[in-house]
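A.B. asks: The structure under discussion is supplied below as C-alpha cells; questions concerning it will follow.
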Number of protein chains: 2
Amino acid sequence: MTDYRKLWSDLGMDLEKHDRLTTALPLIYEEVYLQQPGRPQAMEYFDLVVAEIHSLRIAELVEHRRQGGKVCGAFCVFVPVEIIRAAGAVAVGLCGGSQFWVPDGERVLPRNLCPLIKASVGARLSGTCPYFQSCDLLIGETTCDGKKKAWEVLSEYAPVYVMDLPQMKRPEHLAAWRREVELFLAKIEQLTGCRVTPEKLADEIQLQNRLRQVLGRLYRARKADPVPISGKDVLLVTQVSFYDDPRRFIDKTEALAAEVEERIASGEGVFPSGVPRILVTGTPMAIPNWKLHHIIETSGAAVVCEETCTGTRFFEHQVDETGLTLEEQLQALADRYLKINCSCFTPNPGRIEDIFRLVEAYRVDGVIYYNLQFCHGYAVEYYAVEKALKERGIPVMKVETDYSEEDTGQLRTRVEAFLEMLR
Amino acid sequence: MTDYRKLWSDLGMDLEKHDRLTTALPLIYEEVYLQQPGRPQAMEYFDLVVAEIHSLRIAELVEHRRQGGKVCGAFCVFVPVEIIRAAGAVAVGLCGGSQFWVPDGERVLPRNLCPLIKASVGARLSGTCPYFQSCDLLIGETTCDGKKKAWEVLSEYAPVYVMDLPQMKRPEHLAAWRREVELFLAKIEQLTGCRVTPEKLADEIQLQNRLRQVLGRLYRARKADPVPISGKDVLLVTQVSFYDDPRRFIDKTEALAAEVEERIASGEGVFPSGVPRILVTGTPMAIPNWKLHHIIETSGAAVVCEETCTGTRFFEHQVDETGLTLEEQLQALADRYLKINCSCFTPNPGRIEDIFRLVEAYRVDGVIYYNLQFCHGYAVEYYAVEKALKERGIPVMKVETDYSEEDTGQLRTRVEAFLEMLR
C-alpha cells in the first residue's frame, strides 16, 4: 500500500497545511454531493476520485515520472492536450478552486484579482497541491490579464511556458495561433525528448475527441425532462476530466451516460418534472467550487447546462481526424481550439449564438450569468449577453462572487427570487 | 467669433451636462496649476489649451471635417499616429481622466473596472466629450481586458477598429504586429480614401519623431537640481501632446524647453535644491487626472520623471527614418512601437530595466508605483518591480487609487510618510 505521506513529502509539500485542506474537503463533499437523493450508481467512481484526489492519481503521476515520463500542468481549455500526450507526457489540471489557497495567493498578488488565479498561485506557494508539485512544466496562456501576469510570478517557482493566444479571430489570427501550436509542439518535444509522429498525434486526437464526445453524450441526457442527473454531478464529471487518465475517464463516463440514458427511457429523474431549468454561463468552476450549483439545486431548480470552460466550451467541437501529416494535424488542432468562444476574444459574438442554441436545446427557463469577482472579460461581456437575452425574452440574472462563504445567504436569496420569477 | 454652443450642439453633445463639467475644471486648474510659484512663462500656452480644451481644438477638428478630412480617436500609445496623419486624417486623444464621467460609464460597465475605461465610455455615452463626438473612427487595441472588451460597448455608439497587439515579444510576435500595422494602414486608407505614399509617411514619421524628441528634451531638463519645472507642468505638456496639432505643439514645447534650459544655466528651480526626487511609474494619467502629482508636489517633493504612457513610454524610441519604401517604413513603425514596455506583455523585463535607468538618470530618491484601481496588468507586475527595486535598495511605495477625491487625505498621509523616510 502506498505511503502517501512519504509521497507528498517527497514532492516537497507542506504536510501540516495539506492535512488541514484534506480534512475540510470530505465534510463539504458529504453535504454537497452525497446527500443528493437518487444519484446514478456510476457516480461512485467520481466520488472515489474526489476522495482520493491527492493520492491515487498522484501516485500514477509519480510512477510515470519515475519511468522517465514528464507531467505538464495547465488551467486552460486552449492548451492542446493532444500534443502533450503525443510526446508521451501526461497533462493534468492544476489546483485553483478553493478559498483555502486564496490567502497564500494574496501574499504575492493583489487582492482584487479573480479568486481562481489567487487560489492557484496560493496552491503552488503553499505547497499543498500535489498536481503543481508533480509538474515538470506549467503551460500558461494569455487569455486574461490576471493569468497572463500571474504566470510570471509562478515562473519563480516552476518552469513555465506561455502560449500567446490571439485576442481576435480574423484570418491572420488563426495563422498566428497555428504558429503558436507549432512552437508548442517544439517546446514539448524538447521537454520530453520524444518526437511527435503523425501516428502518435492521430491516436491522441482520436482519444481526446472520444473524451469530448462522451462529455457531449452525458450533456445530451440533460435535455430530458425530468433531468436524469444533477447539474452538480455533471459539473464534477467535467472537473474530473481535467485530472484523470483519459481512457479510464472515458470508460467510467460512458458507463454513467448509459445509466443516465436508461433513466430517461424509464422517465426517472433526480428532480421532479417541471422544475426550472437553468443554464449557467460565464467563468469556469474548478474543484471544489460547487457553490453556485449547490445553491441553485437546493433551491428547487436544476442546472441543465454550463456554457463555461468547465462545460460546453471544453468539449464542443472535435478535431478533424482526416489529416495524415503533422502539418494537417496541427492545422486541425489550431482550427478546433480557436473555435472556443472565450470572452478573451474581441468581439465574441459566437458566445451569444452558443447561449441561444443551448437555451433552446436544453429547454432552459432562465440563465444565470456566473462571474468570478474581478474577471473583467466576462464582467464586461455581460452587457452584450444580457441585452441579447432580454431582446429574446430569456430571463437572465448576473451573479458575481468569489470562493468565500460570506455571500452564500445573499446569493441564495437572489437565486430564490430569480427562480420564483421563472415559475 | 465661433459660437461654441452651436458647434457642440451640432456635434450632438448634451450641453447642460457639459456645462456642469466645464464649470468645475477652471476651479481645479486654478488650485492645481495656477497657484504654483515660479512657473515658466511658456506654460501660458498650455494654460490656454486647457482653458479652451473643448473649444479651440474642436473648432479645428470641425473645420478639418468640413473640408472632407477625417478624425481618428485613440487612447493608447501603441496606435501608430504616423499612419493616420499620412492619410490626411487627424489623430486625437479621447476623454477619460475625470470622475465626472465615471457614473455614466458604470451604466454599461462593471463598477470594479479601471476608472480610465469607465470614464472614457461614460464620456462618450453622456455626450460631453467633443473629441469623441468629432471622431469618424475610434482606434482600439487589445492591451488590457477592460479596454479590449469596452471597445465592444463603444462600437454601439461609434465606428471602432481594433488593433490586436501581441501579448508577448518573441520574434513571431513582432511579425504579427507588423501585419497588424499593415492592416491598420489599409483600414485608414479605406476610411480616408487617401493613399499613403512613402513620401507622406516619411514626413509624418519625421514629425512624430520631432514631437517625441522635444518631449525628451523637456524631460532631460528635469535631471537638473534644482528641478526647473514642476512634474505637474510636464505631465500637462505630455497630456496636451495627445490632443494638440503636432506642429504647434512642437513649437510651443521647444520654447518651453529653451526657457527651462535657461533656468538650469542660472541655477533657478521651482523647488528648493535637495527636495526628494520622485519617479512615478505605472498607469497613465489622462487630463484632468493630476491627483497624485498634486499631492506629491504639495508635500515637499518633486516629480522628476514618469515611467508611464503619459511619460517616457510615449516618447522614448524614435522610428528609424532611413526606410524609403512603405515596406521598410511599416517595419520601422512596428519595431518602434513594440519597444514600448507595457505591462500587457508577458514577461516584461524591459520595464524594470527602464525604471533602473530612469532612477539613475533622473537622480531619483524614491519610486511611487501608481496603479489605477482594478488594472490587473500593472497591479500584478508590482510584485516583480518592487522586488527588483528593493534588491537595489531603491525605496518604493505602491499607490492604488481611482478618480474620486475620497482617498485624497489618506493618500497625502501615505505620501508624506514615504517622503519623510527619504529625507
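The values are calculated or read from the model by the stated rules, or taken from the named source; none is laboratory data. All of these numbers come straight from a predicted model, not from anything done at the bench. In this analysis, Cβ positions are derived from the backbone assuming ideal geometry, glycine residues included, and neighbour counts consider all displayed protein chains. Just the protein is used for accessible areas: all its heavy atoms, side chains included, with ligands, DNA and RNA removed. Shrake-Rupley method; radii C 1.70, N 1.55, O 1.52, S 1.80 Å.
A.B. asks: Could I have the simple spin-label model distance between B:Thr23 and B:Thr298, label points 7 Å from Cα toward Cβ, reported in nm to one decimal?
C.D. replies: So the label points at B:Thr23 and B:Thr298 sit 2.2 nm apart.
A.B. asks: Next question, about the same structure. Summing -39500 (n - 2.57) over the DSSP H runs of n ≥ 4 in chain B and dividing by its residue number, what mean residue ellipticity at 222 nm do you reach, to the nearest 500 deg cm²/dmol? Walk me through the numbers before you get to the answer.
C.D. replies: Details: 19 runs with 222 residues, N = 423.
Helices in chain B give a 222 nm mean residue ellipticity of -16000 deg cm²/dmol.
A.B. asks: Under a plain spin-label model, where a point goes 7 Å from the Cα along Cα-to-Cβ, how far apart in nm are B:Ala255 and A:Glu420?
C.D. replies: 6.9 nm
A.B. asks: Of all accessible surface on region A:380-421 at a 1.4 Å probe, what whole percent is carbon and sulfur? All intermediate terms of the calculation are to be shown ahead of the outcome.
C.D. replies: Values: 1070 of 2210 Å².
Reported share for carbon and sulfur atoms: 49 percent.
A.B. asks: Now for a different question. To one decimal place, what orientation-averaged projected area in nm² is obtained for the convex hull of the Cα set of region A:111-173? Spell out each step's value before the answer.
C.D. replies: Working: hull surface 19.9 nm².
Seen from a random direction, the Cα hull of region A:111-173 projects 5.0 nm² on average.
A.B. asks: Rounded, prolate or oblate: pick one for region A:1-57, where a ≥ b ≥ c are the square roots of the eigenvalues of its C-alpha gyration tensor, a/c under 1.5 means rounded, and failing that, prolate if a/b is larger than b/c, else oblate.
C.D. replies: On the way: a/c = 4.33, a/b = 1.88, b/c = 2.30.
Oblate is the answer for region A:1-57, as a/c is 1.5 or above yet b/c matches or exceeds a/b.
A.B. asks: Mind checking the full-extension length gain between A:Gln410 and A:Arg363? Use 0.36 nm per residue of separation minus the Cα-Cα distance, one decimal, nm.
C.D. replies: Working: separation 47, 0.36 × 47 = 16.92 nm, distance 2.73 nm.
Roughly 14.2 nm would be gained on extension.
A.B. asks: For B:Arg220, B:Arg57, write out the residues from largest to smallest accessible area, computed with a 1.4 angstrom probe and no ligands counted. Walk me through the numbers before you get to the answer.
C.D. replies: Values: B:Arg220 135, B:Arg57 25 Å².
Descending order: B:Arg220, B:Arg57.
A.B. asks: Now, a different point. Tell me, what is the FRET efficiency for B:Arg107 and A:Asp245 to the nearest 0.05, using R0 = 45 angstrom and their Cβ-Cβ distance as r?
C.D. replies: Working: r = 49 Å, r/R0 = 1.10.
Plugging the Cβ-Cβ distance into 1/(1 + (r/R0)^6) gives 0.35.
A.B. asks: Please give the solvent-accessible surface of A:Asp47 in Å², to the nearest 10, using a probe radius of 1.4 Å with every protein chain present.
C.D. replies: So the heavy atoms of A:Asp47 present about 30 Å² to solvent.
A.B. asks: Compute the label-point distances linking B:Glu172 to its equivalents in the other copies; points lie 7 Å from Cα along Cα→Cβ; give nm, one decimal, shortest first.
C.D. replies: Values, ascending and in nm: 1.6.
A.B. asks: Using a 1.4 angstrom probe and counting only protein chains, how large is the accessible area of B:Tyr243 in Å², to 10?
C.D. replies: 30 Å²
A.B. asks: So what are the ³J(HN,Hα) numbers for region A:258-274, from phi and the Karplus equation (6.51, -1.76, 1.60; θ = phi - 60°), rounded to whole Hz, Gly and Pro as x?
C.D. replies: Along region A:258-274, the couplings run 4, 4, 5, 5, 4, 4, 4, 4, 9, x, 8, x, 8, 10, x, 4, x Hz.
A.B. asks: Now for a separate question. Classify chain B as rounded, prolate or oblate, taking a ≥ b ≥ c as the square roots of the eigenvalues of its Cα gyration tensor: rounded when a/c is under 1.5, otherwise prolate if a/b is larger than b/c and oblate if not. All intermediate terms of the calculation are to be shown ahead of the outcome.
C.D. replies: Numbers: a/c = 1.37, a/b = 1.22, b/c = 1.12.
It is rounded, given that a/c, with a ≥ b ≥ c, falls under 1.5.
A.B. asks: In 5 Å bins starting at 0, how do the alpha-carbon pair distances of region B:1-160 split up by percent?
C.D. replies: Once binned at 5 Å, the Cα pair distances of region B:1-160 give 2, 8, 16, 20, 20, 17, 12, 5, 1, 0.
A.B. asks: How large is the Kirkwood hydrodynamic radius of region A:218-316, in angstrom, based on all distinct alpha carbon pairs?
C.D. replies: Values: mean 1/r = 0.0731 Å⁻¹.
Mean inverse Cα-Cα distance, inverted, gives 13.7 Å.
A.B. asks: Here's a follow-up. Please sort by residue number the GluC sites (Glu not before Pro) in region A:262-316 whose DSSP state is loop and whose Cβ has at most 14 other Cβ atoms within 10 Å. Write out the running numbers ahead of the final one.
C.D. replies: On the way: sites: A:Glu262, A:Glu268, A:Glu297, A:Glu306, A:Glu307, A:Glu316; in loops: A:Glu268, A:Glu316.
Passing sites in region A:262-316 are A:Glu268.
A.B. asks: Taking a label point 7 Å out from Cα toward Cβ, give me the nm distances from A:Pro103 to the same spot in the other copies, shortest first, one decimal.
C.D. replies: Label point to label point, same position, other copies: 4.0 nm.
A.B. asks: Placing the label point 7 Å from Cα along the Cα-to-Cβ direction, what are the distances from A:Gln67 to the equivalent spots in the other copies, shortest first, in nm to one decimal?
C.D. replies: Ordered by distance, the counterparts are at 7.7 nm.
A.B. asks: Would you kindly compute the Cα radius of gyration of region B:298-423 and its largest Cα-Cα separation (Dmax), both in Å?
C.D. replies: Looking at region B:298-423, its Cα Rg and Dmax stand at 17.2, 56 Å.
A.B. asks: Could you pull out every residue, at least 5 positions away or on a different chain, whose amide H is within less than 5 Å of the one on A:Val79? Hs are placed 1.01 Å off N in the peptide plane, and Pro or chain starts have none.
C.D. replies: Excluding prolines and chain starts, which carry no amide H, there are no hits.
A.B. asks: Here's a follow-up. For a quick check: with amide H placed at 1.01 Å from N, whose amide H comes under 5 Å from A:Val270's, ignoring anything fewer than 5 positions away on the same chain?
C.D. replies: Amide H to amide H, under 5 Å and 5 or more residues apart or across chains, A:Val270 pairs with A:Val227, A:Ile229.
A.B. asks: While we're here: Estimate the FRET efficiency between B:Thr197 and A:Gln190 by the formula 1/(1 + (r/R0)^6), using the beta-carbon distance for r and 30 Å for R0, to the nearest 0.05. List each step's numbers first, then the result.
C.D. replies: Numbers: r = 46 Å, r/R0 = 1.53.
It comes to 0.05.
A.B. asks: Using the 2.2 N^0.38 Å rule of thumb for compact globular proteins, work out how region B:96-226 stacks up: its C-alpha Rg over that value, please.
C.D. replies: Values: Rg = 18.1 Å, N = 131, 2.2 N^0.38 = 14.0 Å.
The value comes to 1.29.
A.B. asks: Still on this model: Quick check: Cα centre of region B:277-315 to Cα centre of region A:260-312, how many Å?
C.D. replies: 51 Å
A.B. asks: Kindly flag which residue pairs out of B:Lys70/B:Lys187; A:Lys149/A:Lys187; A:Lys169/B:Lys339 have an alpha-carbon separation exceeding 23 Å in this structure.
C.D. replies: Numbers: B:Lys70/B:Lys187 13 Å; A:Lys149/A:Lys187 21 Å; A:Lys169/B:Lys339 25 Å.
In this structure, A:Lys169/B:Lys339 exceed 23 Å between Cα atoms.
A.B. asks: I want to check the label-to-label distance for A:Thr325 and A:Lys387. Put each point 7 Å from Cα in the C-beta direction and report it in nm to one decimal.
C.D. replies: 4.5 nm
A.B. asks: While we're here: Please state, as a whole number in µm²/s, the translational diffusion coefficient that the Stokes-Einstein equation yields for region A:314-366 at 20 °C and 1.002 mPa s, with Rh defined as the Kirkwood radius across alpha carbon pairs.
C.D. replies: Numbers: Rh = 12.9 Å.
In µm²/s, the coefficient rounds to 166.
A.B. asks: Compute, for A:Phe242, the solvent-accessible surface of its heavy atoms (probe 1.4 Å) with the complete set of protein chains present, and express it in square angstrom to the nearest 10.
C.D. replies: 50 Å²
A.B. asks: Would you mind checking the radius of gyration and Dmax of region A:84-141 based on alpha-carbon positions, in Å?
C.D. replies: 12.3, 39
A.B. asks: Give me the one-decimal Kirkwood hydrodynamic radius in Å for region A:262-318, with the sum taken over alpha-carbon pairs.
C.D. replies: Details: mean 1/r = 0.0784 Å⁻¹.
Answer for region A:262-318: a Kirkwood hydrodynamic radius of 12.8 Å.
A.B. asks: Further question: Residues of region B:332-377 losing 30 Å² or more of accessible surface, assembly versus chain alone, probe 1.4 Å, please list them.
C.D. replies: B:Thr346, B:Phe374, B:His376
A.B. asks: Taking Cα pairs under 8 Å and at least six residues apart, what relative contact order does chain B come out at, in percent? Walk me through the intermediate numbers first.
C.D. replies: Values: 676 pairs, mean separation 73.4, N = 423.
This gives 17 percent for chain B.
A.B. asks: May I pose another question? Quick check: the distance between the Cα centres of region B:62-86 and region A:97-146, to the nearest angstrom?
C.D. replies: Here the answer is 43 Å between Cα centres.
A.B. asks: Sticking with this structure for a sec: In whole angstrom, and with the biggest value first, how far do the Cα coordinates of the protein assembly as shown range along each principal axis?
C.D. replies: Computed over the Cα atoms, the extents are 89, 56, 55 Å.
A.B. asks: I would also like to ask the following. Among A:Thr2, A:Thr143, what's the order by accessible area (1.4 angstrom probe), most exposed first? If you can, show how the numbers build up before the last one.
C.D. replies: Working: A:Thr2 65, A:Thr143 10 Å².
Of A:Thr2, A:Thr143, the descending order of accessible area is A:Thr2, A:Thr143.
A.B. asks: Kindly identify region B:149-290 as rounded, prolate or oblate by the Cα gyration tensor criterion: order the square roots of the eigenvalues as a ≥ b ≥ c, call it rounded if a/c is under 1.5, otherwise compare a/b with b/c, prolate if a/b is larger, else oblate.
C.D. replies: Numbers: a/c = 2.26, a/b = 1.85, b/c = 1.22.
The shape class here is prolate.
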